[in-house]
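> Starting off with a structure, shown below.
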Amino acid sequence: MRRFTLLKSLFLAAVLAVGSGSAWGQNVTIWSEDWSSGSANDTPSEINSTMYTQSNSKTKLYNEKLAGGTAPELLLSKDDATWTVTLTDLKGAEGEATLTFKNNDNTRTTVSSTSEGITIGTRDTSVDKVTTYPITIASGTTEMVLVFTNTSSSNVRIDDVVLTGKATLPTIETVENITFTDVAVGATAEQEITVIAANLTDKIAVAVTGEGFATGATEMEATGGTLKVSYSPAALGSHTGTLTLTSGETTATVALSGNAVLGTPAALDAESVTANSFVAKWEELDGATSYSLDVYSGEVFLAEAFDNMDGTGGNDGEWSGSIASAPASATDFPGWEIERVYKANGCIKLGTSSDAGHITTPALGLDGDATLTFRAGAWNKDNTTLSVAISGGGELAQSTVEMKNNEFTEYSIVIANGTENTQITFSGSERFFLDDIMVDNLVRVDGYPQDVNGTSHEVTGLTPATEYSYAVTAKANEETSPVSNEISVTTLNDEGPGTGIASVTLDGLYAVNGTIYFNAVAGERVEVINTLGQCVYAGATVDGLNSVAVEAGIVVVKVGNSVGKVVVK
């Protein structure tokens, strides 16, 4: 099996460089394994039943990297446990070969073989956490069985196994498969792979099949090189294809797969703003059949998703073991107060097996009631009570919640009479995970979210001189896109078009010969609205005197929070 991956390319390149100047052959990768196709708790035989067997079920994968590679890695059980590898394709290699693998203690693992024509030399452990075995392959040998044995009374970890040899046969090697995950319809994702070729006499022809898949070239040099493969889906769903590399009688294939999803819609500035309505607008999104428009007023005071936490545990389904071990620091959360907080998978873990942890938000800047939402889950078999405390003013509707072990639950708690200095503290007597903390006082407009066909919708029944926000999500069949950007819009005051001349609150507003003039500071949004409620101009101001040319008539000019009315002749 070809298990050359991009993540391991630097390590493999170093191995391939050894002896590449041989006069009778070139290095080939006979076999490699980095466990990237497996998941936690898989045994080797579950990953590849035709190649791998193990002497007991305790030999399995863990989402750790104690061997120095990339998770997952193999735990070879203690006390003479074995992992046996049967190779039936030696890629034409003969003579000298090299087996190299990473492990956490390179004195614990031995490799042996009873295969005819295979001789294993003396183990080299001179490099920390790297074990190397010289292997001799007799001419004509077509099969090799390798037995990895843990000779110690402790478990050993193994990763990044690479067996290379020399062959005079022509070979083409590359990755086994390429997967494109969650690519937006209409977008393009690209991956670059390395193609390793040996002893070819013709150039390598490149062909690709499958909807949305393409390559950057139709042929490659006989020595191989790098090749770009792209995926540009035109429709939602899963797609498959094949990349074929051919030179003479030598062929290598790569399985292609991709999953196409809806992209993120882009909301646009509102138009036709009046005292009681506005028209929400957004761009058409490839693949969408309808949209959901959400309209609300209020403010988000805190939104922390812990996306910068790059550890393990929680969101990856791991709730115990050697996970979430790297401490978070104060620089990870400016303004927060933390104690015994650890980086997990896009979330945080609080506490250790012996000491509790806690985290306190910055001052929230509240002015009245708000709502606190968050997700939390307890460490496997640990206490499930989570305490939530408030300081700096205000009251919480409840001070504890009951979590579930080994899974997240979403919670919502009302904050009453919050102040500028209000802070929230999360703590537990034992270990737990925390994610997606939000504090807001958002209130949805009646009837929203609302499904909409098309790319605009008039929102009515609003309160004059009130700031609203809206965002959209796209839909297609059962798929829902991420939420768009948020657009803010403030309705006009009651003295809008058709109600008589309004008091001019806009500095220096006047009109001469079809042009409106007014004073403003740079960067404010200006809207000009006619008597039909249509926005006939929208833009940004410059510092000082501004001018806008419009058609004759009565118009309302809105700059920031200032509004005026003027007759244009």
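> Give me the mean projected area, in nm² to one decimal, of the convex hull enclosing the Cα positions of the chain.
34.3 nm²
> Also, I was wondering about something else. Compute the FRET efficiency between T460 and D332 as 1/(1 + (r/R0)^6), taking r as their Cβ-Cβ distance and R0 = 60 Å, and round to the nearest 0.05.
For T460 and D332, the calculated efficiency is 0.85.
> Per residue and in cubic angstrom, what volume does the convex hull of the Cα atoms of the range 510-568 have?
Convex hull volume per residue, Cα atoms: 65 Å³.
> Take every Cα-Cα pair in the range 171-261 and report what % of them are more than 23 Å apart.
Result: 23 percent of Cα pairs exceed 23 Å.
> Suppose every K and R has +1 on its Cβ and every D and E has -1 on its Cβ; what is the size of the dipole of the chain about the Cα centre, in Debye to the nearest 20?
Using Cβ point charges on Lys, Arg, Asp and Glu, the chain gives about 1140 debye.
> For R123 and S387 in one chain, what is 0.36 nm times their gap in residues minus the Cα-Cα distance, to one decimal in nm?
89.5 nm
> May I ask you to work out the translational diffusion coefficient for the range 393-541 at 20 °C, viscosity 1.002 mPa s, via Stokes-Einstein with Rh from the Kirkwood sum over Cα pairs, reported in whole µm²/s?
Approximately 102 µm²/s, per Stokes-Einstein.
> For the range 6-167, take N as its residue count and report Rg(C-alpha) divided by 2.2 N^0.38 Å.
0.98
> On to the next question. Using bins 5 angstrom wide from zero, how does P(r) for the range 209-308 break down, in % of all Cα pairs?
It works out to 2, 8, 13, 12, 11, 11, 9, 9, 7, 6, 5, 3, 2, 1, 0, 0, in whole percents.
> Could you name the lysines in cross-link range of K102, using Cα to Cα under 28 Å and dropping any fewer than eight places away on the same chain?
Candidates past the 8-residue exclusion: K8, K58, K60, K65, K78, K91, K129, K166, K343.
> Once you have a ≥ b ≥ c as the square roots of the Cα gyration tensor eigenvalues for the range 343-452, tell me rounded if a/c is under 1.5, and otherwise prolate or oblate according to whether a/b is larger than b/c.
It comes out oblate by the Cα gyration axes.
> Under 8 Å for C-alpha pairs, at least 6 residues apart: give me the relative contact order for the range 6-167, rounded to a whole percent.
Contact order relative to length: 31 percent.
> What nm distance separates the two modelled labels at T352 and Y510, each placed 7 Å from Cα along Cα→Cβ?
7.5 nm
> Scale the Cα Rg of the range 268-394 by the rule-of-thumb value 2.2 N^0.38 Å and send over the ratio, two decimals.
1.44
None of the figures in this text is laboratory data; all of them are computed from the coordinates on show. Quick caveat, the model's predicted, so the values are computed rather than measured. No Cβ is skipped: glycine too gets one built from the backbone with ideal geometry, and neighbour counts run over all protein chains shown.
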